[in-house]
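The values are calculated or read from the model by the stated rules, or taken from the named source; none is laboratory data. All figures in this text were calculated on a predicted structure; none of them were measured in a lab. Glycine gets a Cβ as well: all are built from the backbone with ideal geometry, and neighbour counts include every protein chain shown. For accessibility, only protein heavy atoms count, side chains too; no ligands or nucleic acids. Shrake-Rupley method; radii C 1.70, N 1.55, O 1.52, S 1.80 Å.
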Amino acid sequence: MITLPRRLAHLLLALAIALAPALLSAPGAAAAPAAVSTTPSTASDQLPNPLRVGTEGVYAPFSIKQGDEFTGFDVEVIKAVGERLGVEVEFVGTPWDSMFAALGAGRFDIVANQVNVNPERKQLYDLSDPYVDTAGVLVVAEDNPKGITELTDLKGKKSAQNITSSWAEVAKEYDADIVGVDGMNEAMASLREHRVDAIVNDKLAVRNYIATSPDPGVKIVAETDEQAQSVFAAKKGSGYMPAINKALAEMEADGTTQRIYDTYFTADNAAPSSWELIKANAWPMAVAAVKVTIPLTAVSFLAGLVLALVAALGRMSSSPLPRAMARGYISIIRGTPLLVQLFLIFYALPEIGIDLPPFVAAVIALSLNVGGYAAEVIRSAVESIPKGQWEAAQTIGMSRTTALRRIVLPQAARTAIPPLSNTLISLLKDTSLTSIILVVELTQAARFAAAPTFQYMPMFGLAALYYWIICTVLSLVQDRAEERFSRYVAH
């Protein structure tokens, strides 16, 4: 074990304590005005302006993101509501499984994403009047190997469902074995590949999927008895719904809702070819990689290296407190999934008043993750340097701190470069997880591009190509760095 001077150990401890509140509180204070929705006190039914709306952007034909714009039936209805009420509408692309967590954390004001009425939601949220009625349908593969023809046949069969949706509850009522998926598109893919036996989902969404997919490979065999009513949802006690309900009633009376409905459910939607889809989305996806994925990777890696160095020196300290703090930090980071860390930082911290923008929250989570793993890489690299190097530095009058900075760390860097490069490449790919906290990076941009036509193969193939190109460039940088640090090493 390297015995660091007690002054250096105390300095590291003070640095860690000083950085923690700066990382957690400063960004939150800057972001608070944009993230917290306030209802004017003069009228309880007046909407905030702008009205921030959470929606998936990948659930055609209800919520679709094309380029920078959101469209779809639900999107156009809430846009029309906002126009009648004189408020600007801003959309926040959010995965369905995170939708109500984000609503509770104040990331947006209402949800417009085929929210169906059920008793639990009535208790927990403010719900608008229904703006469309639909039903559920039972969907099977085209060859239907299990012979499923009605809902009672679901007993003991695998049904692919989004586990937080109302349709999952319907499948459970018929004793189906629920297989959790992120959305309808993943469910359809599992059904076509016979990984599951059936799906229960919205009739309009399924019909749109069959009509717009080049080769759907599925069919509808039954319809549920219950009608599903779609509503907008807000936090309990928001006071938004009287104004929204008034606008919805006016839209129903003058035919606005029907015109929007006809646009999305009676029009002939011809699916573009894969090549047309690639040409239309290659540039927007490249922009997402350059503007979000690469900066997110770079900033998180550099901040993570600083944390890793502090943690590594703490692990090698002779003082018990820095050593225990470093061990605890590394243990927590390596013992919990990155996805959980993202959820805690973005959705849980607002409950104690720390409200971070998506990009900042992603940087903090990824940096902490990198620091936990890279700390052991740096520690092992430092400890691989022969003790004679320390002794030689001391004989020429260097303090241990100076020897560490000028003698040991430059030599340790050469050993640490390959594993740290692996950490960097893994970090680049881990940025795809940040879509769960509303960051629109390369993978999420691919999902948005593929969702309207359900052609995921070309879009995710293009995303994979972009990731591969970036990783190849990073590998070339690694080779150059190794060559540079090895110039003065005798072979």
Prolate/oblate/rounded call for the stretch 135-222, Cα gyration tensor, a/c under 1.5 rounded: rounded
What does the accessible area of Ser274 come to, in Å² to the nearest 10, when a probe of 1.4 Å is used? 50
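What Kirkwood hydrodynamic radius do you get for the stretch 282-345 when you take the inverse of the mean 1/r over all pairs of distinct Cα atoms, in Å?
Values: mean 1/r = 0.0717 Å⁻¹.
It works out to 14.0 Å.
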How high is the FRET efficiency between Gln66 and Asn144 when r is their beta carbon distance and R₀ equals 30 Å, given to the nearest 0.05? 0.35
Where labels lie 7 Å past Cα in the beta-carbon direction, separation of Ser399 and Val287 in nm: 5.2
How high is the FRET efficiency from Asp129 to Glu83, r the C-beta distance, R0 30 Å, rounded to 0.05? 0.95
Acute angle (nearest 10 degrees) that the helix 456-485 long axis makes with the longest principal axis of the chain, alpha-carbon atoms: 10
Where the Cα atoms of the stretch 256-393 are projected onto their three principal axes, how long is each span, largest first, in whole Å? 80, 39, 21
Let me understand the stretch 420-465 better: what is its radius of gyration from the alpha carbons, and its Dmax, in angstrom? 11.9, 40
Once you list every other residue whose beta carbon is under 13 Å from the beta carbon of Val382, what net charge do they have if Lys and Arg are +1 and Asp and Glu are -1? +4
Give me the one-decimal nm value for the distance between modelled label points at Glu173 and Ser426, 7 Å along each residue's Cα-to-Cβ direction. 4.6
For n ≥ 4 DSSP H runs only, could you compute -39500 (n - 2.57) per run for the chain, divide by its residues and tell me the 222 nm figure to the nearest 500? -17500 deg cm²/dmol
How large is log10 of I(q)/I(0) for the stretch 361-481 at q = 0.13, 0.16, 0.20, 0.23 Å⁻¹ when the intensity is taken from the Debye formula with one equal scatterer per alpha-carbon? -0.68, -0.87, -1.10, -1.23
Report, as a whole number in µm² per second, the diffusion coefficient that Stokes-Einstein gives for the stretch 65-169 at 20 °C and 1.002 mPa s using the Kirkwood radius over alpha carbon pairs. 129
Using R₀ = 45 Å, calculate the FRET efficiency as 1/(1 + (r/R₀)^6) where r is the Cβ-Cβ separation of Gln227 and Ser331; round to 0.05. 0.30
Over the stretch 153-277, with a single point scatterer placed on each C-alpha, what log10 of the ratio I(q)/I(0) does the Debye formula yield at q = 0.18 1/Å? -1.08
What does the charge count around Phe359 come to, taking other residues whose C-beta lies under 14 Å from its C-beta (Lys +1, Arg +1, Asp -1, Glu -1)? 0
Just from the alpha-carbon atoms, what are the Rg and Dmax of the chain in angstroms? 27.0, 91
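Could you compute the net charge surrounding Thr256? Neighbours are other residues with a C-beta less than 13 Å from the C-beta of Thr256; K and R count +1, D and E count -1. Don't jump to the answer; show the numbers that get you there.
Details: positive: Lys79, Arg84, Arg259; negative: Glu76, Glu83, Glu250, Glu252, Asp254, Asp262.
Neighbourhood net charge equals -3.
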For a 31 Å ceiling on Cα separation, which of these pairs sit above it: Lys146/Lys203; Lys79/Lys157; Lys79/Lys158? Lys79/Lys157; Lys79/Lys158
